[in-house]
Structures are given as structure tokens and as C-alpha cells.
Amino acid sequence: MRETAPGDVVFSFSDGRIKAIGIVRSHAYESPKPIEFANAGAYWDKIGWRVDVFFSELTFGARPADHMQELAKLLPDHYSPLRANGHGLQSVYLTALPPAFATALLTILGPEAKNLARTARGADAAPEALPAVGLLEWEQHQLDEIAADESMNPTTRLAVVLARRGQGKFKENVLKIERHCRITKVDRIEHLRASHCKPWRDSNNFERLDGENGFLLTPTMDHLFDRGFISFEDKGELLVSPVADKDSLLKMGLDPAGKLNVGVFSTGQRKYLDFHRESVFLQARGIGNVLAS
């Protein structure tokens, strides 16, 4: 999921048929199980990755099993979406397809599918969906739970809520460690946010207020860090995700090709940064992937 990017093409395979072509509209982001997946509602305690995709249903579709004499030799050796007989593999939910295999599928599906895939290659075909609705729903659910928690005193409740926006008690705690934006060096407090390394949405209430779980960033850099477009190595080297739009980064004042070291981190900060690199930083290869779901 974390290797998808806006503009990627998705073949939707269900009940033995390819029924739709999708265009990825967002980078992966953390989200609870969508409410549409179960009658019991959203499973707020079961967090996974979500990617927003715009699907177009095909008029006819196709059964790969009817074309395996051609397709079998093109199946990938690992994480194949199909078995040699053309039946799907339940263990493979989403996988990348070799270009030759994807081209063969498009040929089988015909002009309608080819036109949809060609549309995905347009420069503005699939801008990232705004906002990442699942992320906002999840955080609002958490805020509602905090508001209803009568075991929490009002002062703590307010501090935890303000910490979501990098303000209040959390910012005070970060200021005991940090003095300026790690990237831009801006040191006027009114222009800075306290950014969580382990996101507020993933943290318990102690971690949400722990000064070691953050550092100071300007709002633009805070956005890039929160959504996983940038991160940091333990020794301070800036990491830039392969899917981050380079022109946008340059306009924000960040050179994606430059080498930048933002300085050493404390032991506590390194622990939280490890979570950020493993669970937030986007590892995608960039626009142009072809996927099967």
C-alpha cells in the first residue's frame, strides 16, 4: 500500500473477472477499516493503510482464466495476483504487475481499458484527493472519545486536544529540548509548530504530550513530515520520499536533491523517529506503477 502513488493504474479483479480500472488518487495514509466494509461500522481499533482510488467500471471486462495460454508466461515469480489456471490468490490483496503483463491485460480488455490507463498518465489526471478523508474521520473519532472521557481532568483533556495541532502543553515540552525549526532555522515561536514524530493519532496520551516525541517545524515542513513526504535518519540526515513532488518542494524552499543534516536527536527522539520511518514515511517508487487488486 505504501508503494502506491497518485496516477498509478489499478486492475480490479473480483469473482474471476477484471471488472474495473482504477486511478490512484492519494498516497497511502493510516486509517481505520472503512465503514462500508462491515455492518458493525468502522473498526476504530483496527488501523491499517488506506489509498483513495477512482474506479471506472468496464462495460464488458474479461476473465483472465480464458487467456492463460498467453498470460501464464508473464506472471511474476513473486506476489502474483493469479495462479497458473487464472484463479485469484486470496492471500494477495494488492500487488505490482510487470509492465508486459499489464500491457497484455490491457490488450485483452480492449480500447475502453486502454483509454482509461492512458488517462492516468496525464500530468493532472489524478491529483491527490483532498482531504484524506479517512484520516480526518479517524482523528475526529479520537477527539470525540477524549471529549467524552470523564476519567480525564479538564486540564489534561485540553492539553491532549491542543497537542494534535502542535500547541499547548506539548509545545511547551518540546521547547525544553528544541529552539528552532530543524529545517528552516526559523526561531520565532509564533511561526512554529511542535511536530509529533509518532503521530498524535497513533500515540497514547503520555506520548501525545511527551516532549521527546517531537521537534519544532514551520507549518509547511510540519505538513510534509506529518504526511510522510520527509523524515530523518537518527544522525540528522533529511530523508525525502520518492513520491514527493519535487517542484512543490522547491517552491516550499526545500531542495530535494540537496544534502541536509538537521543535527543530532536525543535518545528519546530517535525512538519515536524509528516509528515515523517505519510507519509514516512514504516508501513509494513514484507515479507509474501498475497494480492488481
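For the range 111-259, how big is Rg over Rh, using alpha carbon atoms and the Kirkwood form of Rh?
Numbers: Rg = 18.5 Å, Rh = 17.4 Å.
In the range 111-259, Rg relative to Rh is 1.06.
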- For an R0 of 30 angstrom, estimate the FRET efficiency from the Cβ-Cβ distance between N115 and S279 and round to the nearest 0.05. 0.20
- Note on the structure: Two pseudo-spin positions, 7 Å from Cα along C-beta at R165 and at L136, lie apart in nanometres by 1.5 nm
- Could you give the angle, 0 to 90 degrees to the nearest 10, between helix 133-148's Cα long axis and the longest principal axis of the Cα atoms of the chain? 40 degrees
- What nm distance separates the two modelled labels at T103 and N261, each placed 7 Å from Cα along Cα→Cβ? 4.5 nm
- With +1 on each Lys and Arg Cβ and -1 on each Asp and Glu Cβ, and nothing else charged, work out how big the dipole of the chain is about its Cα centre, in Debye to the nearest 20. 500 debye
- Taking only Cα atoms, what is the 0 to 90° angle, nearest 10, from helix 267-279's long axis to the longest principal axis of the chain? 20 degrees
- Task: May I have the extent of the alpha carbons of the chain along their three principal axes, as whole Å values ordered from largest to smallest?
- Result: 66, 48, 31
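Between D234 and R17, 0.36 nm times their residue separation minus their Cα-Cα distance comes to what? Could you put the intermediate results ahead of the total?
Details: separation 217, 0.36 × 217 = 78.12 nm, distance 4.68 nm.
Residue separation times 0.36 nm, minus the Cα-Cα distance, leaves 73.4 nm.
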- How many nm is it between the label spots at A72 and K176, if each spot is 7 Å from the Cα in line with the beta carbon? 6.7 nm
- Please work out the FRET efficiency for the pair F60 and L143, using the Cβ-Cβ distance as r and a Förster radius of 45 Å; give the result to the nearest 0.05. 0.45
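Laboratory data are not the source of any read-out in this text; all were calculated from the coordinates shown. Quantities reported herein were computed from a predicted structural model and do not represent experimental measurements. Cβ: placed from backbone, ideal geometry, glycine included. Neighbour counts: every protein chain shown.
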